[in-house]
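Colleague: The structure follows.
The values are calculated or read from the model by the stated rules, or taken from the named source; none is laboratory data. Predicted, not measured: the structure shown is a model, and the values here were computed from it. Every residue, glycine among them, receives a Cβ derived from its backbone with ideal geometry; neighbour counts consider all protein chains shown. Please note that ligands, DNA and RNA were not included when accessible areas were found on the heavy atoms of the full protein model with its side chains. Shrake-Rupley method; radii C 1.70, N 1.55, O 1.52, S 1.80 Å.
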Amino acid sequence: MRLFYIVLSLLLLPSAAMAQDAVDSIGLPESARIIPDSALYHYAVSATATSSTRHTPFWLLNNRLGLSSLDKNNGYLRAGFFRRMPHQKRFEWGFGADFAVPYNFTSNFVVQQLYGEIRYRSLELGLGSKNRYMGFTDPELSSGDMTFSLNARPVPQLYFAMPKYETVPGTNRWLAFKGFFGLGMFSDWRWESSHVGPKGRWNSKVLYNSKALFMRIGDPDRHPVTFEGALEMASQFAGTLHLYDSKLDKEVSVTPPHGFVDLIKGIIPLASSSDGADGNNLLMSDVSNCYGNHLGQWAAALNFNPRSSEWKFRTYYQHFFEDHSMMFFDYLWRDMLLGFEVTFPKNRFIEKFLYEYLITKDQAGAVYHDKTPDIPYQVSGRDSYYNNGLYIGWEHWGMGMGNPLLVSPIYNADHSLTFMHNRVKAHHFGFTGRPTDELWYRALITYTRSWGTYDTPTPNIKRNFNMLLEVAYAPQRLKGWDFRAAIGSDGGSLVGPSFGAMLSIKKTGWLKL
C-alpha cells in the first residue's frame, strides 16, 4: 500500500495548478466577458459595504475568497491591475496586483493577489497569491468544494499548472488530463497570535502543499456524455507550533522536524524519519504516523450535454479523507458531497438550478485507537474533518479552506481556531437567471443540522437556515460598470439569527499598452 501511495504522489508532481479567478466574473453579462484581441492589461476598482443586525449573514460572508468580515458593519475599497496570458503564442507571461483597504476586517490592509506567472504551451508556472479554482463545483451556486473551495484568501505559493484538459496522443481525444502542484506558506500567523490570545494554540510559518490530477473520458465537442475523475490532496507541515503549557503557566513553542527528507514527506504523506522535535515528545505521534496534516478527496462528475438540445445535466460526487484509511476502503464511504445541476435552454427566468446534499457525520466512526502491546489493533475513526492534533486546522485567516458548511473558526466565541461543527448534514439549493442582458440574479438556500464534533458533541442538534438573494446590474451604456445589491438572512442556533444587506460598485476596463 505504501509503495502505491508513493507512486501515486509522484505521478501527481508533474501535473499542475489551479485555474483563473472564478469569482470576479460571477454575474457579468456575456458582453463584459468578451476580451479584445489586442488587450492584454486590465484594471478593476470596486467598493463594497455590508450592514447587518448581528453578524454578517452566512452567504454574505462565505465563499468570497476570504474578502469578507463577520463584523455586522464592514466594507472595503479594492483596486487591481493585471496582465493576462492569451493562448495565441507558445510563450506568454502575466502578473497581477490586487489590494484592498478594509473596514472591520481581520487586517487593516489586504494583499488579495500579488503574483507573476509564465506559460509555455499548456504549462504554467507562477509565484505569489492568486485567486484560482479548478474543481467540479459551480462557483456561482455550490456550497463549496470539500478541499479547495472559494472560502478563504489564497495562500502564497510557487505553483506549476496545466489548467486545461490536454488530450493524450493516440486516444482519438477520448482521454485527457489536467492538474496542479503548489508549494507555499500560510500568511496569517501574526493574526493567529493576536486572535487566540496568550493562552491559545496557533502556528507560525507553516508550509502548504496542494496537488491534484484530473482525468476526463470522452470529448465534449463530439460526445453527449463525458466522465471526469480527480484525486486532490493537500498538507500543512513544518513551521512552529505555539501552545499554552498550564504547568509552566506560559506559552511554549515546538518545532517539528524540518530536514530535507522531512519536507519531502510533508508532500508525500509518510512518517518522519526524525525521532522527535527539539526533544519534545508532543510530536511523537504525529511524526510516527504521518508527518504533518494531510487531507484530500476523491471526486467524480458525469456530464450529459445532448447535441440536439440546449439542456445540460451534471452530477458530481466528492469523498473527503483525512488519512490512509478513508482514502482507500478500510472503512465504508458514508460521508459525501453529492450534487446535481441542470442548465436550461435560454430564457428570461432561470439559467441554472443546483441541489447539493452534504453529510459528514460518520468520519470513519466514533472510535480511535493506536496499536499497543496490550491491544494490537488499529482503529482509525474520529477523523475530525479539518481539525488536527498539532496543526490548527484547514483554515486561513480564520476562514475554512474547504466547504464552509463545516463552520469556520472565525465564528468561535472563544477565539479558538478549531472547527467546532464538522459533523453536519445539509441540503443546499441554488439557482440563477438573467431576465435581461443587463440584469442577473442568483439565490442560495441552505438548511444545515450539526452534531458538533465527536470530541465535543452538541447537547442538542443545532440547526440553521441560510438564504441569499443577489442582483447585479451592468448597463450597456456604462461600459465596464457593475452595480450589485444582496440580502442575506440566517435563522437557527448554529451561527445564530441575523439579517443583512450588501452593496457593491465595480468598474473594470481593458488597456492597450
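Colleague: Considering the range 166-201 alone, what residues qualify as being within 30 Å of Asp219 (Cβ to Cβ), surrounded by fewer than 19 Cβ atoms within 10 Å (Cβ to Cβ) and not hydrophobic (A, V, I, L, M, F, W, C)?
Modeller: Glu166, Thr167, Pro169, Gly170, Thr171, Asn172, Arg173
Colleague: Just to check your reading of the model, which residue among Gly339, Gly292 is buried (at least 17 other Cβ atoms within 10 Å of the Cβ), under 23 Å from the mean Cα position of the chain (by Cα) and within 22 Å of Ile267 (Cα to Cα)?
Modeller: None of the others qualify; the one that does is Gly292.
Colleague: So which of Gly80, Gly126 is within 30 Å of Trp298 (Cβ to Cβ), open to solvent by less than 20 Å² (accessible area, probe 1.4 Å) and part of a strand (DSSP E or B)?
Modeller: Gly126
Colleague: Which members of the range 155-186 meet the condition of being touching a Leu at 6+ places or on another chain (Cβ under 9 Å) and assigned to a loop (DSSP other than H, G, I, E, B)?
Modeller: Answer for the range 155-186, where residues must be touching a Leu at 6+ places or on another chain (Cβ under 9 Å) and assigned to a loop (DSSP other than H, G, I, E, B): Pro156, Val168, Phe186.
To keep it simple, each residue is scored yes or no on (1) out of contact with any helix residue (DSSP H, G or I) (no Cβ under 8 Å at 6 or more places or on another chain); (2) of a type outside the set (A, V, I, L, M, F, W, C).
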site	(1), (2)
Phe82	yes, no
His87	yes, yes
Glu92	yes, yes
Ser107	no, yes
Leu114	yes, no
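Colleague: In this structure, does Ala49 turn out to be under 24 Å from Ser498 (Cβ atoms) and either in contact (Cβ under 8 Å) with a residue 60 or more places away in the chain or among the polar types (S, T, N, Q) (or both)?
Modeller: yes
Colleague: Quickly run through the range 403-429 and pick out the residues that are over 16 Å from Asp188 (Cβ atoms), touching a residue at least 60 places away in the same chain (Cβ under 8 Å) and assigned to a loop (DSSP other than H, G, I, E, B).
Modeller: Selection gives Asn403, Pro404, Leu405, Val407, His421, Asn422, Arg423.
Colleague: While we're on this one: Could you figure out which of (1) within 30 Å of Gly430 (Cα to Cα); (2) part of a strand (DSSP E or B) isn't true of Phe105?
Modeller: All conditions are met except number (2).
Colleague: Another one. Name the single residue that is nearest to Tyr355 (Cα to Cα) among those in the range 320-336 being among the hydrophobic types (A, V, I, L, M, F, W, C) and out of contact with any Phe, Trp or Tyr (no Cβ under 7 Å at 6 or more places or on another chain).
Modeller: Filtering the range 320-336 for residues that are among the hydrophobic types (A, V, I, L, M, F, W, C) and out of contact with any Phe, Trp or Tyr (no Cβ under 7 Å at 6 or more places or on another chain), the one nearest to Tyr355 (Cα to Cα) comes out as Trp333.
Colleague: Next question. When you check Ala443 against the structure, is it closer than 30 Å to Thr343 by Cα, over 19 Å from the mean Cα position of the chain (by Cα) and open to solvent by less than 50 Å² (accessible area, probe 1.4 Å), yes or no?
Modeller: Answer is yes for this residue.
Colleague: Please verify whether Thr453 is under 20 Å from Thr147 (Cα atoms) and open to solvent by less than 30 Å² (accessible area, probe 1.4 Å), treating the condition exactly as stated.
Modeller: So Thr453 passes the test.
Colleague: While we're on this one: Looking only at strands (runs of 3 or more DSSP E) that lie completely in the range 218-337, which have at least 1 residues being out of contact with any helix residue (DSSP H, G or I) (no Cβ under 8 Å at 6 or more places or on another chain) and at pLDDT 90 or above?
Modeller: Answer list for the range 218-337: 225-237, 240-245, 293-304, 312-321.
Colleague: Let me ask something else. Go through the range 426-438 and report how many residues are open to solvent by 50 Å² or more (accessible area, probe 1.4 Å) and modelled with pLDDT of 95 or more.
Modeller: 3
Colleague: From Val155, Val254, which residue is farther than 22 Å from Met401 by Cα, open to solvent by less than 10 Å² (accessible area, probe 1.4 Å) and of a type in the set (Val, Ile, Thr)?
Modeller: From the options Val155, Val254, the qualifying one is Val254.
Colleague: Yes or no: His87 at pLDDT 95 or above and either open to solvent by 50 Å² or more (accessible area, probe 1.4 Å) or of a type outside the set (A, V, I, L, M) (or both)?
Modeller: No: the conditions fail for His87.
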